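The values are calculated or read from the model by the stated rules, or taken from the named source; none is laboratory data. Computed from a prediction, not measured in an experiment: that's the story for all the values here. Neighbour counts run over all protein chains shown; Cβ positions are idealised from the backbone, glycine included. Ligands, DNA and RNA are stripped out before the accessible areas are found, and what is left, the full protein with its side chains, is counted by its heavy atoms. Shrake-Rupley method; radii C 1.70, N 1.55, O 1.52, S 1.80 Å.
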Amino acid sequence: MSTTTKTLRLNFQNGQGRTKSLTLANALDNLEADKIKDAMKKIADSNVFEKDGVTIYATPVSANYIERTVTPVFDDSETVKAADAE
């Protein structure tokens, strides 16, 4: 049985012009672009994320939903746990 997870990746430029991402698990998957942009602007304007004097999330660049599907091929984890318990 496959499982699919969806995350929201927010991409920013840091204070040095490098790309930095903030990934949110379990984000609503029907958010409107303007709401995401507004939230990213608030993050950038807060100036609370800094490392070595460089603002980490300085300028909002883009946002993407990322879907990941995991399809098991086999799973012997219960058998291995039982063998380790003996």
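Protein chains only, probe 1.4 Å: how do Phe12, Phe74, Phe49 rank by accessible area, largest first?
Working: Phe12 0, Phe74 155, Phe49 90 Å².
Ranked list, largest accessible area first: Phe74, Phe49, Phe12.
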ask   = Taking all protein chains as present, what is the carbon and sulfur share of the accessible area of the chain, in % to the nearest whole number, probe 1.4 Å?
value = 50 percent
request  = Mind pulling up the Rg/Rh value for the stretch 44-86? Radius of gyration and Kirkwood radius, both on Cα.
outcome  = 1.42
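Given Cα pairs under 8 Å that are at least 6 residues apart, what percent is the relative contact order of the chain?
Numbers: 120 pairs, mean separation 35.9, N = 86.
Across the chain, relative contact order equals 42 percent.
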task = Determine Rg/Rh for the chain; Rg is computed over alpha-carbon atoms and Rh is the Kirkwood hydrodynamic estimate from the same atoms.
result = 1.23
key: Hypothetical label at Ala39: residues of the stretch 51-71 whose amide nitrogen lies under 14 Å (7 Å Cα-Cβ projection)   = 62-66
request  = Report Asp45's accessible area, 1.4 Å probe, all protein chains in place, as a number in Å² to the nearest 10.
outcome  = 90 Å²
Accessible area (Å², per residue) of the chain, counting only protein heavy atoms and a probe of 1.4 Å = 80 Å²
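With charges only on Cβ, +1 for K and R and -1 for D and E, what is the dipole size of the chain about its Cα centre, in debye, rounded to 20? Mind dumping the intermediate values first?
Numbers: 11 positive and 13 negative charges, 127 e Å.
It works out to roughly 600 debye.
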task = Check cross-link reach from Lys6 to the lysines: straight Cα distance under 27 Å, and skip same-chain residues fewer than eight apart.
result = Lys20, Lys35, Lys37, Lys41, Lys42
inquiry  = Which residue, Thr19, Thr4, Ile36, has the largest displacement toward the positive end of the dipole of the stretch 1-49 when charges sit on each Cβ (Lys, Arg +1; Asp, Glu -1)?
reply    = Thr19
key: Accessible surface, 1.4 Å probe, highest first, among residues Met40, Met1   = Met1, Met40
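Length gain on complete extension for the stretch Phe49 to Leu28, per 0.36 nm per residue less the alpha carbon to alpha carbon distance?
Values: separation 21, 0.36 × 21 = 7.56 nm, distance 2.34 nm.
This chain segment gains 5.2 nm when fully extended.
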